[in-house]
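Structure record follows, encoded as structure tokens.
The values are calculated or read from the model by the stated rules, or taken from the named source; none is laboratory data. Please read these numbers as outputs of a predicted model, since none were measured by experiment. Neighbour counts run over all protein chains shown; Cβ positions are idealised from the backbone, glycine included.
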């Protein structure tokens, strides 16, 4: 699967309070899109086009485990996030919600706002600014969840397997 | 080569003799839980799995604590949906504000005897590591993970490395668990423990009462950590027993367990600290920010909303008044905390001093409910995060501190060393 879009650049330690305010925790996924990245740039939901990519520094998604953060970004049409590093729960939530997320510090260093970035999610190849970079590979277990489209697809597969085993 | 307490819990749960750090394991959960802020996503996810029942209604808990009492029609519908869900699936531990116990799960569930040593606790919140004070593996978790956990009764983990944090020696007056954990976060940074567990040990930790240990474990994620843990001892096991909880399984780290690193502090070198706006690792001694004017002081939350915190605040506020222009908000963590504070006369002390005491809830910690900050506000808060906009307007400023420093700031109208107010 290929993601290709324009780059939106953010810095280090972007927190989930900035990605999605907590007072929207009870909102529907459709409503969340209007608040994506509001704490950093209130106009972000208007600027972002389907398939666009956030490129960020260290520890993106710090703080709360609110899953409305990746849900809002996904709802806004974001294609992927590439960062130098991610906060752990945010990373896990993105995998669970099927929002592509890659660790690739060299690509971050090369990326400029508005440039086009192209990501091959299977291989981890990142093309930006006329150069090619290799993102950190996913552990095989995470690839299993990613290939199920997230943790709901994975859970359905596990439940089906358990039902088969019980029936056998 | 030996294993850490965290490795031993995960190995035991995975049915293995040993697990290596970096290995992925699937383990059964002892308790799966969610709160009202996460409930919609949790229930959506559970329903999307197609499961027709939860894995074990006896081992599921839900609590109302973020928007209590219901803030607006949107959250009122979340609460209604939670009640329907609890009825339909026979959820055993459902804590509504309808006369029974309720409040913030990090205080409520241990008090209800739901947390045991050696447990794997799956809960839709980043401050779940609080339960590490009882020797449980209690990682910060997202919301759909709990929805899936309700269906499967299992979850997966990458076995984490651990950082050993050693604190030895006596503490000075007015230095508590919050100062200890903030000092660590200031030392290693907000991403200093990413993917790792903070394993706390040392004579200072062993001498602390259980509530201050919970404060220390609570803020693991503010250092980026996956969880925090302390080896069970007579203090933690006595608390569980007093609450009718399960004895659990006591695991201890092997002497030759491998750690990513060790960080050590002398207890008597620690002083009261704050985290300056707007990251929890911008830690400074109170003396450095002495005189910073404040407009609001908030005492509460899963970090410092326990009875011992209200006692600490009351010890400063007794017979004193909040400074003019300062709003002191107090939010007990649970209904039981509130009732005990009433019976001890703490609520009277706080209100005589000028406090507004709100129902057991998260209060204004995440700008969810009453007490939201405006652009010119400067707040000292006993909560765990001071990110931009966390407690309201993005321009508001939040200093994190323990209950002594917070109460002293309310009296002085500015951040000051607690002993200056108390003497």
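Tabulated data
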{"read-out": "Which listed residue is within 17 Å of residue B:322 (Cβ to Cβ) and out of contact with any helix residue (DSSP H, G or I) (no Cβ under 8 Å at 6 or more places or on another chain), from B:375, B:394, B:364", "value": "B:364"}
{"read-out": "Flag if residue B:55 is farther than 18 Å from residue B:365 by Cβ and within 20 Å of the chain's Cα centre (by Cα)", "value": "no"}
{"read-out": "Residues that are more than 9 Å from chain B (Cβ to nearest Cβ) and surrounded by 12 or more Cβ atoms within 10 Å (Cβ to Cβ), drawn from segment A:154-168", "value": "A:157"}
{"read-out": "Residue list for segment B:125-146, restricted to those being at the interface with chain A (Cβ under 7 Å from one of its Cβ atoms) and either over 17 Å from residue B:162 (Cβ atoms) or out of contact with any helix residue (DSSP H, G or I) (no Cβ under 7 Å at 6 or more places or on another chain) (or both)", "value": "B:125, B:126, B:141, B:142, B:143, B:144, B:145"}
{"read-out": "Condition check for residue B:236: within 21 Å of the chain's Cα centre (by Cα) and over 27 Å from residue B:7 (Cβ atoms)", "value": "no"}
{"read-out": "Single residue of segment A:96-114 satisfying the filter (touching a helix residue (DSSP H, G or I) at 6+ places or on another chain (Cβ under 6 Å) and more than 9 Å from chain B (Cβ to nearest Cβ)) that is surrounded by the fewest Cβ atoms within 10 Å (Cβ to Cβ)", "value": "A:99"}
{"read-out": "Selection count, segment B:123-147, where residues are in a helix (DSSP H, G or I) and touching a strand residue (DSSP E or B) at 6+ places or on another chain (Cβ under 7 Å)", "value": "7"}
{"read-out": "Candidate set from segment B:103-117 (those that are surrounded by fewer than 24 Cβ atoms within 10 Å (Cβ to Cβ) and touching a strand residue (DSSP E or B) at 6+ places or on another chain (Cβ under 8 Å)); member that is farthest from residue B:147 (Cα to Cα)", "value": "B:111"}
{"read-out": "Any hit, segment B:160-171, residues being part of a helix (DSSP H, G or I), more than 11 Å from chain A (Cβ to nearest Cβ) and within 27 Å of residue B:366 (Cβ to Cβ)", "value": "no"}
{"read-out": "Any hit, segment A:74-87, residues being without any contact (Cβ under 8 Å) to a residue 12 or more places away in the chain and in contact with a helix residue (DSSP H, G or I) (Cβ under 9 Å, 6 or more places away or on another chain)", "value": "no"}
{"read-out": "Matching helices (runs of 4 or more DSSP H) fully within segment A:70-168 where at least 3 residues are closer than 30 Å to residue B:126 by Cβ and under 15 Å from the mean Cα position of the chain (by Cα)", "value": "A:88-97, A:140-147"}
{"read-out": "Selection from segment A:1-35 of residues that are within 14 Å of another protein chain (Cβ to nearest Cβ), part of a loop (DSSP other than H, G, I, E, B) and in contact (Cβ under 8 Å) with a residue 24 or more places away in the chain", "value": "A:10, A:11, A:12, A:13, A:14, A:20, A:25, A:27"}
{"read-out": "Selected residue [assigned to a helix (DSSP H, G or I), at the interface with chain A (Cβ under 10 Å from one of its Cβ atoms), farther than 28 Å from residue A:157 by Cβ and at pLDDT below 95] from B:74, B:78", "value": "B:74"}
{"read-out": "Residue A:117 crowded, with 21+ Cβ neighbours inside 10 Å and touching a residue at least 60 places away in the same chain (Cβ under 8 Å)", "value": "yes"}
{"read-out": "Flag if residue A:42 is without any contact (Cβ under 8 Å) to a residue 40 or more places away in the chain and within 14 Å of chain B (Cβ to nearest Cβ)", "value": "yes"}
{"read-out": "Out of B:334, B:295, sole residue that is over 24 Å from the mean Cα position of the chain (by Cα) and more than 14 Å from chain A (Cβ to nearest Cβ)", "value": "B:295"}
{"read-out": "Some residue of segment B:347-362 being buried (at least 24 other Cβ atoms within 10 Å of the Cβ) and within 14 Å of chain A (Cβ to nearest Cβ)", "value": "yes"}
{"read-out": "Within segment B:364-423, tally of residues that are within 14 Å of another protein chain (Cβ to nearest Cβ), in contact with a strand residue (DSSP E or B) (Cβ under 8 Å, 6 or more places away or on another chain) and free of Cβ contacts under 8 Å to residues at least 24 places away in the same chain", "value": "3"}
{"read-out": "Leading residue by the ranking (farthest from residue B:37 (Cα to Cα)) among those in segment A:46-69 that are touching a strand residue (DSSP E or B) at 6+ places or on another chain (Cβ under 6 Å), within 14 Å of chain B (Cβ to nearest Cβ) and in a loop (DSSP other than H, G, I, E, B)", "value": "A:61"}
{"read-out": "Residue match in segment B:309-321 (condition: modelled with pLDDT of 95 or more, surrounded by fewer than 21 Cβ atoms within 10 Å (Cβ to Cβ) and in contact with a strand residue (DSSP E or B) (Cβ under 8 Å, 6 or more places away or on another chain))", "value": "no"}
{"read-out": "Boolean, residue A:9 is buried (at least 22 other Cβ atoms within 10 Å of the Cβ) and either touching a helix residue (DSSP H, G or I) at 6+ places or on another chain (Cβ under 9 Å) or modelled with pLDDT of 95 or more (or both)", "value": "no"}
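This table checks each residue for (1) in contact (Cβ under 8 Å) with a residue 60 or more places away in the chain; (2) buried (at least 23 other Cβ atoms within 10 Å of the Cβ); (3) out of contact with any helix residue (DSSP H, G or I) (no Cβ under 8 Å at 6 or more places or on another chain).
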| position | (1), (2), (3) |
| --- | --- |
| B:193 | no, yes, no |
| B:201 | no, no, yes |
| B:220 | yes, yes, no |
| B:224 | no, yes, no |
| B:241 | no, no, yes |
| B:249 | yes, no, no |
| B:272 | yes, yes, no |
| B:283 | yes, no, no |
| B:288 | no, no, yes |
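Residue-wise test of (1) under 15 Å from residue B:152 (Cβ atoms); (2) touching a residue at least 60 places away in the same chain (Cβ under 8 Å).
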| site | (1), (2) |
| --- | --- |
| B:13 | yes, yes |
| B:17 | no, no |
| B:26 | yes, yes |
| B:29 | yes, yes |
| B:52 | yes, no |
